[in-house]
Every structure is written in C-alpha cells, then in structure tokens.
Amino acid sequence: MDSVAQVKLLSDVLGSVCDYVIVKNEGLSEDFDLYNGSQARKRVTGELKGREMVMPELYDWLVAKLNIENLTITQAIQSDKFIIIDRQRLISWQRRFNEQLQSVKELLLA
C-alpha cells in the first residue's frame, strides 16, 4: 500500500481523535508530488489540522558508516572515527532535522 493510501486509510479510520504529523522522508524520495496533490493531504492538513515535516536525506555511505561503527548521529559527531567533514555533515543534518521537529513539537508533546 502506498503512502497516500495509508494516510487516507488512517485519517478515515481515526478522523479527529488524534493529531497528525506527516513525515516526508527525503531518504526514500525527494518527489512528493503524488502526496502533495492528494485529497488525503488536503484533508489531513486542512480539516484535521495535521502538520508536515521533512526528514532530510543523509548520504547512504554516511548511514552505512554509522551502522558499521554502531554509533548514533550524536555519538558520531563526537567520534574520531569520522573525519571532520563528515562530522560537519552530520551536524548540519541534525540541525535541519531538529528544526523540523521543533516545527511540530506541540503535536508531538501534546
């Protein structure tokens, strides 16, 4: 089942009994045209007052290195197992992701 169908199904079943935060995961795709033009999106962000956030893409090779080293992003930023430019990439990713989380925090912490 595709993401748009899942959003429609969940919003049809749950309606207004919950808060909605839609996460656009750029690690999977940067093309959200189908979702952006959908009736499900219009309903969730309109009638149901849902919010959207973006999870920025992280380079595949950087994700692989995190997994190989068994480190979280926060740990890797402090680790000498990552060169300075990669630590800077992780800092930048974490900053962008945290900004997105801040934009929906009132729904996440409700």
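The values are calculated or read from the model by the stated rules, or taken from the named source; none is laboratory data. Just so it is clear, the model here is predicted, and its values are computed rather than measured. Using ideal geometry, Cβ is built from the backbone for each residue, glycine included, and neighbour counts are taken over all protein chains shown.
Couple of notes before you dig in:
- Count - residues of segment 4-30 that are surrounded by fewer than 13 Cβ atoms within 10 Å (Cβ to Cβ) and acidic (Asp, Glu): 2
- Output for segment 73-110, where each listed residue is part of a helix (DSSP H, G or I) and either among the acidic types (Asp, Glu) or on the phi > 0 side of the Ramachandran plot (or both): Asp86, Glu99, Glu106
- Some residue of segment 52-70 being closer than 16 Å to Gln6 by Cβ and at pLDDT 95 or above: yes
- Screening Ile73, Ile85, Ile77, Ile91 for residues that are modelled with pLDDT of 95 or more, out of contact with any Pro (no Cβ under 8 Å at 6 or more places or on another chain) and loosely packed, with under 11 Cβ neighbours inside 10 Å leaves exactly one candidate, Ile85.
- Selection status of Asp12, at pLDDT below 95 and either closer than 21 Å to Leu108 by Cα or not assigned by TED's automatic domain parsing to the domain that holds Leu108 (or both): no
- Residues being within 14 Å of the chain's Cα centre (by Cα) and either farther than 20 Å from Val17 by Cβ or assigned to a helix (DSSP H, G or I) (or both) - total across segment 35-58: 6
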